[in-house]
Structure formats: C-alpha cells, structure tokens
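Here the structure comes first, spelled out in structure tokens, and everything after it is commentary.
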Protein chains: 2
Amino acid sequence: MGMLSQREFKADKKKNFSEWYNTIIYAADLADVRYNVQGFIVHKPWSMFIIKKIYSLFEEALEKDGHKPVLFPLVIPEENFEKEKEHVEGFSPNVFWVTEAGGEKLKRKLALRPTSETAFYQLYSLWIQSRSDLPLKLYQSTNMFRFEAETNPFLRGREFLWIEAHDAFATEEESKEQVGKDLGIAKEILLQHLGLPVLIFKRPDWDKFPGAVETYACDCLLPDGKAFQVATTHLLGQNFSKPFDIKFVDEKGGKHFVFQTCFGPGIWRMVGALVSIHGDERGLVLPFSLSPVQAVIIPIPRKASGSEKLLTYCREMKKRLEKKFIVDLDDSEKTPGYKYNEWEMRGVPIRIEVGEKELKEKTLTLARRDTRERIGVKEGDAEERIKDTGNSIFQNLVENAERELKENIRSADSREELKKMVEKGGFVKLELCSLESEGKECADIIKYETGGGKVRGTLYGENQKPAGKCIICGKAAKAVAYVAKQY
Amino acid sequence: MGMLSQREFKADKKKNFSEWYNTIIYAADLADVRYNVQGFIVHKPWSMFIIKKIYSLFEEALEKDGHKPVLFPLVIPEENFEKEKEHVEGFSPNVFWVTEAGGEKLKRKLALRPTSETAFYQLYSLWIQSRSDLPLKLYQSTNMFRFEAETNPFLRGREFLWIEAHDAFATEEESKEQVGKDLGIAKEILLQHLGLPVLIFKRPDWDKFPGAVETYACDCLLPDGKAFQVATTHLLGQNFSKPFDIKFVDEKGGKHFVFQTCFGPGIWRMVGALVSIHGDERGLVLPFSLSPVQAVIIPIPRKASGSEKLLTYCREMKKRLEKKFIVDLDDSEKTPGYKYNEWEMRGVPIRIEVGEKELKEKTLTLARRDTRERIGVKEGDAEERIKDTGNSIFQNLVENAERELKENIRSADSREELKKMVEKGGFVKLELCSLESEGKECADIIKYETGGGKVRGTLYGENQKPAGKCIICGKAAKAVAYVAKQY
C-alpha cells in the first residue's frame, strides 16, 4: 500500500526539505494525496493513530481545565458570518459555500466552517443568562475548511483537523487568565509528549485573528528555517458578545456582555511538525508514546527458509511484550534488511533483532531508531530496557529539537544583518518601533527587503525590553520582536 | 443550560411519543435544535459522552475484526458519483453541493458525502494490486450529509454521525462471510452494551442500498410501533469494483475484480433508539456503562442550611467511589427533590441518598433509576452493591426491551388482519409471493392499504419457510416477510 523502500528513498532533508517531506508522507504511508480534489487528502491508518493520540492528549487536558465536548454543525449560514465585520472580511476570501441541495438552489448560502465563532456564539446567547452559567467552556474536535492557494499534507490544507475551544467569562481578568492556561496546555503537550519546542508570540496588531483583541500563537521551526504556527489562542474581549448579544445578569440585576476567548490547537499541523522536526534521512522518527508500533521484532534466521524454533521464540516474546507495549512481529517473507528499512521509514522507535545467537544466549538486540545504536539485552530485562530506551530516544529527540531551535535564533542590529539572517532561516530578533498599527509600515518594509520575512510578534511572558531604535525607521523602539519566513 | 424541571415535564411516551421524545432531547440536555439551519443540531456534552462511548465500542470491535481507521475527504466530486448508475440515481436527490469557494464558482461541483463508496473506491483501485493487498478492511468515523425533508434529532438529520467500513476481498465467499461478521458485531454491541434488541432483515430487492447486490439491516422497534433502522451492511459484489477498476493479480498473473462489502453502524441513530426505548415518563434511563454519570450523590441535610459533617462524608464517599465509577456529587443549593428530578431526567442509573440517618449508621441509600426502588447499603459494601445494581438495571432494561419487541411481532393471515395489525404498530409477519422485483407490486399494495406499512424483508439467518399463498396476490408464497411502518 504505497510503501517506498529505503533504497529508493534519496531525498535530502537539509538540502531539499520539500522533496524530503512529500516523499516521507507517501513512503511512511501517512497520507495519500492522489484523491481528486486539491488540498483534500486521505488519512491512512499510520497517521490516524498519531492523530487520535494527539487529539486525546488535548481533549484530556481541556477537560481537566473544565472544558466539555460539544459538536456544532458543519455549515454556518452567511448571515451569521456577517455579524462581526472584521471576521467576515478576514474569512470570506477563503470560504467554501454550499449553495445547492436536493436538486435546488438554497435560499441562503451555507459556509463550510472555516472556524466556528459565529456558530457557537449564536447559541451562547441562548445558553448564557445568569452569572451561574459562567464560565462556559466548551470544545469540539473537528475538520475545518479553508480555500487555500497552496496546499501540503499536514502543513496547509483545504480540509484540516483541529480542536476549537470557545470560552465565555464574566470578567476580563478571567478571560486573560484563560489565554495563559491555553498556552500552557499547548506548550506542555507539544514539548512533553510530541517533543516539539515552540516559541510563543503575541502577534502584531495587524496579524491578529479577525475579530480578536489579542492573538497569541505557538510557532515551531521547520528544517527549512521557516516558522510554522501550530496553535493559537485569542482574547476576543466583547467583540463577539456584543453583536451576538451574549449577556448575563449579575446579582443586582445588571446586564453585562461576557468576555470571550477561543483556542485552536492545530492537531493536523502538529503531525506535520512532528514528521518534519524529528524525521531524518531514513524516514520518520516517532516519539515512543505516539508510535502506532513501539517495537518491532524481526527474526533473522540463518537460512532463508527460517527456523521454526526462532519464530516460536519471537512469537512468545511478542505475546509477552504486548502486555506492556504495542509490539509487532514482522515474519513476512522479506529479507531482514528490507524489513529494517521499512520499519525505519515508518519511524518505529525500537527494532528488536532476534537471530540464532540471541536465541541461544536468551538475549535480544535492541536497535534505536534515532541513533541506530544496537544494545544487547538479557531476555529477563527486556521490558525495563525497552522502556528506558523509549524514554532515552524521546529525550534525545527533545534535545536535538531544542538545540536546533536555539541555534536558529539570531539577533540583528541592522537592516543588512536582518536580510542576511532571514535568508539563512530561523528567527531573527530585532527592535522595532511598534507592533501596534503604526508599526505595520516597517513590517511591510521588512517583508519586502527580506523576501517574505514576517514579524511574528513579541515573546509571550518574557517581557523583553527594547533599548535602542527601530532598525527600520530609526524611531525609538517599543518592542523586541522576531522575524521569520513562515508556512 | 436548557434543563426543564420534572414538574414541567408532562409528555406521555405511550400516547404521544413524538412530543415525549422532543421534550426529552431538550430537557435531558442532549441537543439543541435552535441552530438556524434545519436538520443540523448542536450536540451537547451529555450526548457527546454517549456518542463517544458507542463510537469506541464499534471501533474496537471493527479493529479486532482486522479493520484499520482512515479518514477520507468530506467532499466528493460529481464525476465520482456518476461512475455507478444506481448509486448516483439513489443519492443525487439528497446531496448537498459545494459550488463556490474563494469568491468564485468552482469548475465542478463537490458533494458533501452522503456515503463514501465513490471516495474510497477511487483509491482502492490504486491500493489494491496483488493478492497480498487483500483483504483490505478500512473504516472511518465521520459525519454524513443528506438533504432529508423531515428531520428529528438522532432519528433523521441532514447532518448525522456514523461509521462506514469498506472492505474488499479476493473471493465472493469471503465477502459473504464479512456480511455475517458485520451483523454479528452490530447485534452484539446493540444488545450487550446498549440493551437494544433488533430484528435483522435481508431487505427486499427494491429496498437495497443503491448499487448493492444485497442489503441487510438491523431494525429496532420504537415506542410508537415504528421500525427504526440503526445499522446496515451491504454485499456490493463487483458492482463498484468494475466501474472503479479495482483489480488484483493472482498467483498465475490473472486479473480479477474484487468483491466488496460496506457496513454502516448508525451511531447517531443508536442514540435515538437508546433514548426512545429505555426512557420513561421521568426522562432518560441510561445503561450503567454508557452513562456520563453512573451514580450521583445527593446530600439530604435536616436543616436547609446543610450540615458540614454530612457534606464531608459525601465528599469522601465521592472520592472513594470515583476510583471505580463515574460519580458526581450534587451539593448545589437546590432542594433534594429538585435534584432527584433533574438527575432522573438525565437518566443517571443510580442515585445515592445520604441523610443524617445514613451518616449516623454509616450506610447509603441507593435509588435505582429504572424501578425507583430504594436499597439500604452498608458503607463498606458500597462498591459491590453499586456494581450489582448497575448490572441489574441493565438486565432489567434488556428484558423490558426484549418483551416489548416480542409482544409486538404479530402474524397476519389476511389483508384485513394485516391492516389492523399494522395500525396497531410493531412488526407483522406474513407470507408474500416474492421479495425479488416481481413482488414489488404486492408491497406497494400493502403500503397503500396499511397507510405506510413497508416490507422490511426476511429474517436473516432464520430460514423461515413459507407454507401457503401470498396474502396479497394469492400466488404461491416464496418468502416469510415482515411489514412495519418505519422512521
């Protein structure tokens, strides 16, 4: 089913990331892009397992934080969109419209949700009446639809998967606290479970979510040096509660509009980041806890015909290890070398080699996917050593990713430096006049001069203070900002 | 959030099922139908929990049977539909079409999937090449879209939730075996986990899935006497593999079209059946293993102000019971009676009443949702007695549902009897000339004379032999069939 053998796999991650990436998606059997509608991919079992895992990590964290699951309709009537001016302007160029059904033209167009504020908030105005209805914290795990020009599996699609959490509060303070909680959830899962370090930015005023007061986002760094947004959370203030009339009555009978936030962990994009950041020249490298198969047993019979004793030992070992891990046994007719390549391509963290020597000595040879190091293990210690090796692989992935990110944050003191550094890839730190609307002109100059470098914003929670002048216009700098090309 | 108190709840399930049903959906906080697009409902947390449970039961069973999860695009181009003639004729009256995106008209229309044969099979022709690619057994858990005239939450919707499993085999025999496995999975989960007995029919030739060779379906009986289809499986033969060119090469180099099946457990409809069949005049009644809250603790303080000691005891009990069950403690300001009504409406199987007497004697009073019986329990036995009570409630639900179904299967020997019995509701057994196309005329007469009674088919696996004549046309009967009005 679409596997490409290691021998045919020649793409170089560093030199040609895009070719490498698209080959991996196909060769590791994550998705099929041959479906006959652009930007709509077929998700195969290998990626579905990972997607479900990431979904459950976020769902569990959101529920622990007091959210409950809901499911809103896929379609949103045009009139709902038009209630918030910036929102409709921001999204309408990217909307798919349903206009016909049952052989007739519909009386009004229905959008495939590009995001669901205008679906949720219509009901929030019915559900929220008194102080005791607040906070209201709900999420849904769904597909979304945006008519994007360029598409790439798990990076940018016309259909993609995410979670959207929509929260409503009585006070502005609580809504601001929620933004911090959202970012904490995203940062922790990304680092502790996916092994992906992120930079968290407060986006510039001109790059906010349409309708938001403030937008915060988690950016990964992809191997080609571009920033890649994987989660966002928005402080919506009362921008939606006013047009949607979401009010509560306080203890004294006074009516108040609620303060809202919305949080969008980009589950689909996280798969893209996972593939890109941890993968290597042999294929995927998956964190132990996220892999559809954690360890694969490969029997290495002396004769091509195989030895029944060896196979029996492997089968018993599989049965035993399955009590603790997700284990597969590859007893197909292929050669051991061919099998090594296939399972490496799929990113399985640990390969367990069992030959005549291992059978005789009651040992196993563990091969790590990341370093390709081989470790001899006594049969009795198998569970413990597999667990330790899984942890060690994960630590190694995190360290590599953190080093890669750190090494690609540079500081520019001049336009020339900025240009060179953006060219090189990664994030470039610099001082800017402003990230409010008056700074937009300088950001446009940066984008033009660097061939696409975008101001990502200021680092969240770091409170970095500018000391000098805007490197573009020379006015006193009000912000320490970061620039990067982006996906 | 939309709770209706028991005191306001007056609908009578037997006399006015439709009113009862729609009140329950709202009052038990399962869904909100006030979204401004007909037939698209908002699923609330209480139903989401049940939906997720039912999904995981089926997903687990399908994976155990060798299926793997995938996710195909929501949209299907018009040209795919047109490949199978009966299929496009059967579905096109009900399709929603996306015709615009990004401010422009699309070059070709895209259907919101009403079912995904024509999406899956395009890829199956690429994935299936050799004998070793078979069997191919994949499923997806998704929403579906059909432009239905009448809509009702969890009964018939324009957007609804289901699973579709699409299997391909080298031989016809294997495909027929799969149909039996599918029906076994559906029957077991419905009865053993949802407590819903079904009749399984082979549908008449004129009522098959468009494009199928044979269609089998599980019908529940709703309280108003109508049959309600909750799962179907179809033998597709080579009807799709030929137009979609899905072939494999055998050992000798010969090319063969695959044999296919597709299975559709109607997750969404199962919620509707669960609500309808187990519910009573006080609201929902949920099986212990499917309830979002399995037991709710209600403190009953002697004074309205409450007793701190009592609350502490309740909190400790919650903490302890939570290790084994999903437990809630309702320590809100409402009166105990009000709380009883609310939690009964939501169908929570066990209420745990804790008053001063229980506190003093170190006991608990368990109240069963189904029989409303109260059981005194020693504190130390709580876990065991809750578990037993949960099981006993489930057994009782199953017995009631089975009796209700059995009592509503009647036999008719004449047109007059048939008419009266269909009027009464339930299934009517009768002998018919044929369930092949030549029997259609008699079925039409039945439908007309009984005001909507439809021939559901012959009972699967029972091999019932007709002994007499068709009660409509008088020709020799070839089938023992069942007639019922339907949803």
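The values are calculated or read from the model by the stated rules, or taken from the named source; none is laboratory data. From a predicted model like this one, the values you see are computed outputs, not experimental measurements. Virtual Cβ from ideal backbone geometry, glycine too; neighbours counted across all protein chains shown. Ligands, DNA and RNA are excluded from the accessible area calculation, which covers all protein heavy atoms including side chains. Shrake-Rupley method; radii C 1.70, N 1.55, O 1.52, S 1.80 Å.
Here is how the number arises for chain A: DSSP H runs of 4 or more residues each give -39500 (n - 2.57), the sum is divided by the residue count, and the result at 222 nm is -10500 deg cm²/dmol. Modelled this way, with points 7 Å down the Cα-to-C-beta line, the labels at B:GLU150 and B:ILE445 are 2.6 nm from one another. Here the Karplus curve 6.51 cos²θ - 1.76 cosθ + 1.60, taken at θ = phi - 60°, turns the phi angles of region A:191-202 into couplings of 7, 6, 10, 9, x, 10, x, 10, 9, 9, 10, 8 Hz, with x standing for Gly and Pro.
To the nearest ten degrees, helix B:382-407 and the longest principal axis of the Cα atoms of chain B are 50 degrees apart. In this assembly of identical copies, the label point of B:GLY376 (Cα plus 7 Å along Cα-to-Cβ) is separated from its counterparts by 7.1 nm, sorted shortest first. Counting only protein heavy atoms and a 1.4 Å probe, region A:17-278 has 33 square angstrom of accessible area per residue. At a Förster distance of 41 Å, what's the computed FRET efficiency of B:THR312 paired with A:LEU191, Cβ-Cβ distance as r, to 0.05? That pair, B:THR312 with A:LEU191, gives E of 0.55.
Provide the net charge surrounding B:ALA165, with neighbours chosen by a C-beta distance below 11 Å and charges set as Lys +1, Arg +1, Asp -1, Glu -1.
Neighbour charge sum, excluding B:ALA165 itself: -3.
Dipole orientation for region B:121-240: of the candidates B:GLN122, B:ALA231, B:PHE169, B:ALA231 has the Cα lying most toward the positive pole (charges on Cβ; Lys, Arg +1; Asp, Glu -1). Of all lysines in the structure, those lying under 16 Å Cα to Cα from B:LYS202, and not within fewer than 8 positions of it along the same chain, are B:LYS176, B:LYS181, B:LYS187, B:LYS429, B:LYS440, B:LYS454, B:LYS465, B:LYS478. List the aspartates and glutamates whose Cα lies under 12 Å from the Cα of A:LYS208, skipping any in the same chain that are fewer than 8 positions away. Leaving aside aspartates and glutamates fewer than 8 places away in the same chain, those within reach of A:LYS208 are A:GLU86, A:GLU436.
How about B:LYS357: which lysines have a C-alpha closer than 29 Å to its C-alpha, ignoring those fewer than 8 places off in the same chain? Correct list for B:LYS357: B:LYS303, B:LYS309, B:LYS318, B:LYS319, B:LYS323, B:LYS324, B:LYS334, B:LYS339, B:LYS378, B:LYS387. Summary for A:VAL249: label point 7 Å along Cα→Cβ; distances to the equivalent points in the other copies, ascending, 7.6 nm.
Taking the accessible area of the protein assembly as shown, probe 1.4 Å, and keeping the other protein chains in place, the carbon and sulfur fraction comes to 47%. A simple spin-label model places the labels of B:ILE409 and B:ASN391 2.8 nm from each other, with each point 7 Å out along Cα-to-Cβ. Computed on protein heavy atoms with a 1.4 Å probe, the accessible areas place B:LEU126, A:LEU359, B:LEU222 in the order B:LEU126, A:LEU359, B:LEU222, largest first. Measuring nothing but alpha carbons in region B:295-392 and taking Rh as the Kirkwood radius, the Rg to Rh ratio lands at 0.92. The angle between the Cα long axis of helix A:336-345 and the longest principal axis of the Cα atoms of chain A comes to about 10 degrees, rounded to the nearest 10.
Give me the extension gain from A:VAL33 to A:LYS469: residue separation times 0.36 nm, minus the current Cα-Cα distance, reported in nm with one decimal.
Gain in length upon complete extension: 152.2 nm.
Distance from the C-alpha centroid of region B:261-325 to that of region B:190-218: 31 Å, rounded to the whole angstrom. Stick to Cα atoms and the Kirkwood definition of Rh, then tell me Rg/Rh for chain A. Rounded to two decimals, Rg/Rh equals 1.03.
A 1.4 Å probe, protein heavy atoms only, puts the accessible area of B:LYS202 near 70 Å².
Taking Cα atoms only, the orientation of helix A:308-321 departs from the longest principal axis of chain A by about 30 degrees. Summing both sides, the accessible surface hidden between A and B at a 1.4 Å probe radius is close to 4700 Å². Give me the residues in region A:15-40 whose solvent-accessible area, probe 1.4 Å, is reduced by at least 10 Å² once all protein chains are included instead of the chain isolated. Buried-area filter returns A:ASP32, A:ARG34, A:TYR35, A:ASN36, A:VAL37, A:PHE40. With a Förster radius of 30 Å applied to the C-beta separation of A:GLU78 and A:LYS252, the computed FRET efficiency comes to 0.15. Calculated FRET efficiency, B:GLU417 to B:ARG374, Cβ-Cβ distance, R0 = 30 Å: about 0.10 to the nearest 0.05. Of all GluC sites (Glu not before Pro) in region A:192-298, which ones are in loop regions per DSSP and have a Cβ with at most 14 other Cβ atoms within 10 Å? Hits after loop and neighbour filter: A:GLU251, A:GLU281. Rolled with a 1.4 Å probe across the full set of protein chains, the surface gives A:GLU59 an accessible area near 40 Å². The mean number of partner chain beta-carbon atoms within 10 angstrom of a residue's beta-carbon across peptide A:99-112 is 5. Label point of A:GLN395 (7 Å along Cα→beta-carbon): distances to the other copies' equivalent points are 5.4 nm, sorted ascending.
Could you tally the net charge around B:TYR121, taking each other residue with its Cβ under 15 Å from the Cβ of B:TYR121, Lys/Arg +1 and Asp/Glu -1? Write down the numbers at each step before the final one.
On the way: positive: A:ARG34, B:LYS83, B:LYS85, B:ARG113, B:LYS137, B:LYS242, B:LYS247; negative: A:ASP32, B:GLU79, B:GLU82, B:GLU84, B:GLU86, B:GLU117, B:ASP133, B:GLU164, B:ASP167, B:ASP245.
Neighbourhood net charge equals -3.
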